[in-house]
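**Student:** Let me give you the structure first, and then I'll get to my questions.
The values are calculated or read from the model by the stated rules, or taken from the named source; none is laboratory data. Values in this document were obtained by computation on a predicted structure and should not be read as measured data. Virtual Cβ from ideal backbone geometry, glycine too; neighbours counted across all protein chains shown.
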Amino acid sequence: MAQQSESAPGAQRFIPPDADTLDELRAAAGGCRGCELYRDATQTVFGRGDESARLVFVGEQPGDMEDQQGLPFVGPAGRLLRRAVDDAGLDPRHIYLTNTVKHFRFELRGKRRIHQTPDAVHITACRPWLVAEFARLHPEVIVVLGATAAKALLGPAFRVTRQRGELLPWPAAAQHPEDFQRVPVDSAGKTADVPQARLLATIHPSAVLRADNQEVAYEGLVADLTVAARALAA
Ligand code: SF4
């Protein structure tokens with residue numbers, strides 16, 4: 001694991017060790033100062049959805065609308081993802097949506113806030129929240145959306161462009177599987193082996209919106225999600 005820098009001490013110290021539920025984690029994440037991104041963003045945008053979800057999506061970071069509303073995937077990319085979920089035959093009621101980095105990173109140009117990709121230091125600083133979320137989720141399939149989420153979970157050598165749509169064993173495929181192998185059973189410290197799942201990477205829905213040929217890019221996203229749908233149906 002990368003060392004934490006002085007300017008980004010990391011989220012670990014903000015995670016209550018006795019937090020049993022995602023709601024408790026969400027409440028604690030509201031006060032995170034694990035890196036400098038909290039300073040300019042409006043609020044922490046934690047994951048949301050079904051705690052017993054069979055399918056978990058991991059994206060990059062909240063965008064402008066997510067930052068304002070405090071909810072992930074409520075902007076244009078989120079709308080497109082919901083359409084793709086429907087078109088792939090996935091059940092939108094049983095999913096959990098989260099991001100690798102929980103604060104919006106942007107650059108001000110005039111009055112506009114322009115998205116900036118998180119750096120490795122932000123991904124590393126925020127990763128403890130993602131690990132903590134996974135410790136309270138029991139998905140059968142994980143869908144990683146885009147390069148930032150893939151880096152956080154699978155390591156820097158993973159290439160979404162080369163390996164998208166491929167089902168990988170989880171947590172065996174993680175860069176640090178030991179972070180995801182055990183889940184807490186109770187707040188007294190008892191843990192259990194995590195149920196085996198599968199992970200699939202695909203492009204981020206915002207990449208579809210930026211693509212020269214949006215139709216082809218969208219079809220590719222739906223094709224990858226259809227692989228996830230089949231895996232859940234098997
Ligand atoms: S981006 Fe993550 S680590 Fe940085 S302040 Fe926000 S929640 Fe904490």
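**Student:** Given the conditions (1) within 18 Å of residue 208 (Cα to Cα); (2) within 16 Å of the ligand (Cβ to nearest atom), which single one is not true for residue 98?
**Tutor:** Tallying (1) within 18 Å of residue 208 (Cα to Cα); (2) within 16 Å of the ligand (Cβ to nearest atom), residue 98 fails exactly one: (1).
**Student:** Going through segment 15-40 one residue at a time, which ones are touching a residue at least 40 places away in the same chain (Cβ under 8 Å), over 16 Å from the mean Cα position of the chain (by Cα) and not in a loop (DSSP other than H, G, I, E, B)?
**Tutor:** Those that are touching a residue at least 40 places away in the same chain (Cβ under 8 Å), over 16 Å from the mean Cα position of the chain (by Cα) and not in a loop (DSSP other than H, G, I, E, B): 37, 38.
**Student:** For residue 79, state whether it is within 16 Å of the ligand (Cβ to nearest atom), in contact with a helix residue (DSSP H, G or I) (Cβ under 9 Å, 6 or more places away or on another chain) and either aromatic (Phe, Trp, Tyr) or within 21 Å of residue 208 (Cα to Cα) (or both).
**Tutor:** No, not satisfied.
**Student:** Also, I was wondering about something else. Specify which of the listed residues (193, 224, 212) is of a type outside the set (Gly, Ala, Ser), at pLDDT 95 or above and over 20 Å from residue 90 (Cβ atoms). Reasoning before the result, please.
**Tutor:** Values: 193 fails: at pLDDT 95 or above; 224 fails: over 20 Å from residue 90 (Cβ atoms).
Step by step, each of 193, 224, 212 is checked, and only 212 is of a type outside the set (Gly, Ala, Ser), at pLDDT 95 or above and over 20 Å from residue 90 (Cβ atoms).
**Student:** Related question: Residue 19 fails exactly one of the following numbered conditions: (1) buried (at least 16 other Cβ atoms within 10 Å of the Cβ); (2) at pLDDT 95 or above; (3) farther than 19 Å from residue 94 by Cβ. What is the number of that condition?
**Tutor:** (2)
**Student:** Out of all the residues in segment 40-54, is one or more farther than 29 Å from residue 177 by Cβ and near the ligand (Cβ under 10 Å from one of its atoms)?
**Tutor:** Of all residues in segment 40-54, those farther than 29 Å from residue 177 by Cβ come to 40-43.
Those left that are additionally near the ligand (Cβ under 10 Å from one of its atoms): 41, 43.
Yes: one or more hits.
**Student:** OK, next. Any idea how many residues of segment 55-70 are away from the ligand (no atom under 13 Å from the Cβ) and surrounded by fewer than 20 Cβ atoms within 10 Å (Cβ to Cβ)?
**Tutor:** Summing the residues that are away from the ligand (no atom under 13 Å from the Cβ) and surrounded by fewer than 20 Cβ atoms within 10 Å (Cβ to Cβ) in segment 55-70 gives 4.
**Student:** Scanning for something touching a residue at least 12 places away in the same chain (Cβ under 8 Å) and not in a helix (DSSP H, G or I), does segment 219-231 turn up at least one residue?
**Tutor:** Let us first name the residues in segment 219-231 that are touching a residue at least 12 places away in the same chain (Cβ under 8 Å), namely 220-229, 231.
Next, from what is left, pick out any that are not in a helix (DSSP H, G or I): none.
No: zero hits.
**Student:** Let me ask another. So residue 34 clears everything in (1) away from the ligand (no atom under 13 Å from the Cβ); (2) within 29 Å of residue 190 (Cβ to Cβ); (3) of a type outside the set (A, V, I, L, M) except one condition, right? Which one?
**Tutor:** (1)
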